[in-house]
1. Which of the numbered conditions does D:Glu71 fail, given that it passes all the others? Conditions: (1) at the interface with another protein chain (Cβ under 7 Å from one of its Cβ atoms); (2) free of Cβ contacts under 8 Å to residues at least 12 places away in the same chain; (3) part of a helix (DSSP H, G or I).
2. Would a scan of the stretch B:102-114 turn up a residue that is buried (at least 20 other Cβ atoms within 10 Å of the Cβ) and more than 19 Å from A:Leu49 (Cα to Cα)?
3. If you scan the stretch C:8-55, which residues turn out to be within 21 Å of B:Asp8 (Cα to Cα) and in contact with a Leu (Cβ under 8 Å, 6 or more places away or on another chain)?
4. Hey, among B:Val31, B:Val39, which residue is within 17 Å of D:Gly35 (Cα to Cα), in contact (Cβ under 8 Å) with a residue 24 or more places away in the chain and in contact with a Ser or Thr (Cβ under 9 Å, 6 or more places away or on another chain)?
5. Filter the stretch C:86-133 for residues that are away from chain D (no Cβ under 14 Å) and of a type in the set (S, T, N, Q) and give the result.
6. Could you tell me which numbered condition C:Thr108 fails, if it satisfies all but one of (1) of a type in the set (S, T, N, Q); (2) within 18 Å of C:Ala64 (Cα to Cα); (3) at pLDDT 95 or above; (4) not in a strand (DSSP E or B)?
7. How many of the residues in the stretch D:74-85 are within 11 Å of chain C (Cβ to nearest Cβ) and part of a helix (DSSP H, G or I)?
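The values are calculated or read from the model by the stated rules, or taken from the named source; none is laboratory data. Remember, it's a predicted structure, so these values are computed and weren't measured experimentally. Neighbour counts are summed over all protein chains in view; Cβ atoms, including those assigned to glycine, are modelled from backbone coordinates with ideal geometry.
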Protein chains: 4
Amino acid sequence: METVTLDDARRVIAAAEAKAEEIGQPMNVAVVDAGGNLVAHVRMDGAWLGSVDISINKAWTARAFDITTKELGENSQPGQDFYGINASNEGKVMIFAGGIPLTRDGQTVGGVGVSGGTGKQDHTVCEAGATAF
Amino acid sequence: METVTLDDARRVIAAAEAKAEEIGQPMNVAVVDAGGNLVAHVRMDGAWLGSVDISINKAWTARAFDITTKELGENSQPGQDFYGINASNEGKVMIFAGGIPLTRDGQTVGGVGVSGGTGKQDHTVCEAGATAF
Amino acid sequence: METVTLDDARRVIAAAEAKAEEIGQPMNVAVVDAGGNLVAHVRMDGAWLGSVDISINKAWTARAFDITTKELGENSQPGQDFYGINASNEGKVMIFAGGIPLTRDGQTVGGVGVSGGTGKQDHTVCEAGATAF
Amino acid sequence: METVTLDDARRVIAAAEAKAEEIGQPMNVAVVDAGGNLVAHVRMDGAWLGSVDISINKAWTARAFDITTKELGENSQPGQDFYGINASNEGKVMIFAGGIPLTRDGQTVGGVGVSGGTGKQDHTVCEAGATAF
């Protein structure tokens with residue numbers, strides 16, 4: 001099974017941090033592997049305390065459902081197919097922007113999660129991380 | 001890092017209690033420090049039992065995301081940026097009025113949370129507490 | 001039903017704090033009412049963060065089983081009658097010294113819990129609080 | 001209040017990783033700040049999945065009680081002062097070796113936690129991390 005090494009995770013985190021600095025918004029960044037288990041996490045100085053958990057769970061969600069949390073969020077609004085999914089998995093499912101699957105040869109092998117700003121900021125920083133993978 | 005002492009917390013609680021008595025609504029009032037950890041809590045005689053937890057978690061939420069829970073609540077409605085955030089952090093994120101960050105020199109160093117009445121009452125009492133800080 | 005008012009709780013906490021200062025050990029002190037619900041809590045400056053939860057749960061345990069947590073602890077050692085009781089009630093049962101029932105006319109109407117030092121220190125400070133009730 | 005920056009955490013983690021490689025045992029390493037909140041975590045390739053949580057909670061425990069988890073573990077055996085403490089704080093209290101407070105000027109300002117080997121290995125790697133702080 002392809003997966004995410006600690007070196008991979010650090011490369012992803014470094015790219016995300018660089019983007020976070022560029023936009024001037026401190027972030028939490030987390031990376032999980034093919035099993036959805038945490039490989040690495042950083043909280044930049046000044047980033048929200050409540051986003052430690054959210055960044056880790058966005059990364060997990062992106063891997064667990066092979067989807068960005070932004071798209072899953074759209075599918076989880078009232079009346080949509082997955083409305084209520086955030087009550088599953090003991091509350092680990094995050095349904096707002098900032099989580100992206102890490103893929104290799106078209107297959108999901110991990111996830112990256114970012115939390116600390118607006119949905120748009122989180123997604124932008126997260127994309128910078130995912131691209132570095 | 002600046003934080004909140006027990007003396008600070010008592011001053012905040014006393015001001016909130018005075019306002020709660022003024023409007024005739026018994027309240028739970030809680031104060032957390034820079035790390036989001038509880039410094040002090042009181043439940044006024046006759047205040048809701050279920051609000052012990054809510055007041056503590058409102059204080060935590062205000063500190064954890066550097067925002068009033070009133071504003072976070074607006075951002076967490078269906079279709080908004082943070083819809084679903086209340087499922088994170090093991091259910092500790094409160095998304096209705098009554099939590100306000102405690103700030104010093106423009107920096108969040110703690111939080112105060114109030115619960116026991118309507119959203120408007122909770123926020124009013126909470127503001128009285130935050131102002132005393 | 002007799003119970004514990006916020007004024008009662010404050011008197012208990014003040015006595016416990018005075019004793020904690022006398023022995024030079026900052027403490028967390030919590031008081032619960034006849035229903036086992038938190039009435040008030042304080043964390044003295046410098047007291048352990050992990051003792052917020054423990055002080056509240058010692059107070060709850062003392063009320064919930066009408067017994068000091070010191071005595072319950074003796075009964076909960078391997079081979080004793082209540083061995084394993086600390087896994088019940090979602091982990092809220094504390095089985096070491098520092099929790100004492102608050103009684104009126106021979107009836108338990110609340111509890112006080114202290115955490116922040118050795119078992120002996122916690123129990124001493126807790127007794128000072130209970131006596132003030 | 002002094003605390004732990006991301007740069008501090010990375011220095012601690014790098015020293016722990018170097019020691020883990022030296023003894024040939026992949027580890028999880030986590031660092032928390034003065035409030036007990038996670039600053040950074042890494043899981044070295046091949047380290048136990050179940051140790052993600054344990055490393056984070058060892059770091060938290062060391063900060064929360066200003067003590068090594070090795071010493072707390074000795075005090076938490078049957079018949080000792082803190083027997084049963086691991087049921088508190090929703091199961092976050094780790095009572096075996098591998099967690100050490102991070103101190104500055106004699107004051108605890110954070111914690112480091114290591115998990116992935118024997119108690120002796122975890123403590124050795126953790127000490128290397130703490131010393132780098």
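1. (1)
2. yes
3. Matches in the stretch C:8-55: C:Val12, C:Ala30, C:Val31, C:Val39, C:Ala40, C:His41, C:Val42, C:Arg43, C:Met44, C:Asp45, C:Val52.
4. Values: B:Val31 fails: in contact with a Ser or Thr (Cβ under 9 Å, 6 or more places away or on another chain).
Sole residue among the options that is within 17 Å of D:Gly35 (Cα to Cα), in contact (Cβ under 8 Å) with a residue 24 or more places away in the chain and in contact with a Ser or Thr (Cβ under 9 Å, 6 or more places away or on another chain): B:Val39.
5. C:Thr103, C:Gln107, C:Thr108, C:Thr131
6. In the conditions (1) of a type in the set (S, T, N, Q); (2) within 18 Å of C:Ala64 (Cα to Cα); (3) at pLDDT 95 or above; (4) not in a strand (DSSP E or B), C:Thr108 misses (4) alone.
7. Residues of the stretch D:74-85 that are within 11 Å of chain C (Cβ to nearest Cβ), as a first pass: D:75-85.
When the remaining residues are screened for being part of a helix (DSSP H, G or I), the result is D:75, D:85.
Summing the residues that are within 11 Å of chain C (Cβ to nearest Cβ) and part of a helix (DSSP H, G or I) in the stretch D:74-85 gives 2.
One line per residue, one yes/no per condition, for (1) among the aromatic types (Phe, Trp, Tyr); (2) over 17 Å from the mean Cα position of the chain (by Cα); (3) under 23 Å from A:Ile85 (Cβ atoms):
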site	(1), (2), (3)
B:Arg63	no, no, no
B:Leu72	no, no, yes
B:Gln77	no, yes, yes
B:Tyr83	yes, yes, yes
B:Ala87	no, yes, yes
B:Glu90	no, yes, yes
B:Gly98	no, no, no
B:Arg104	no, no, no
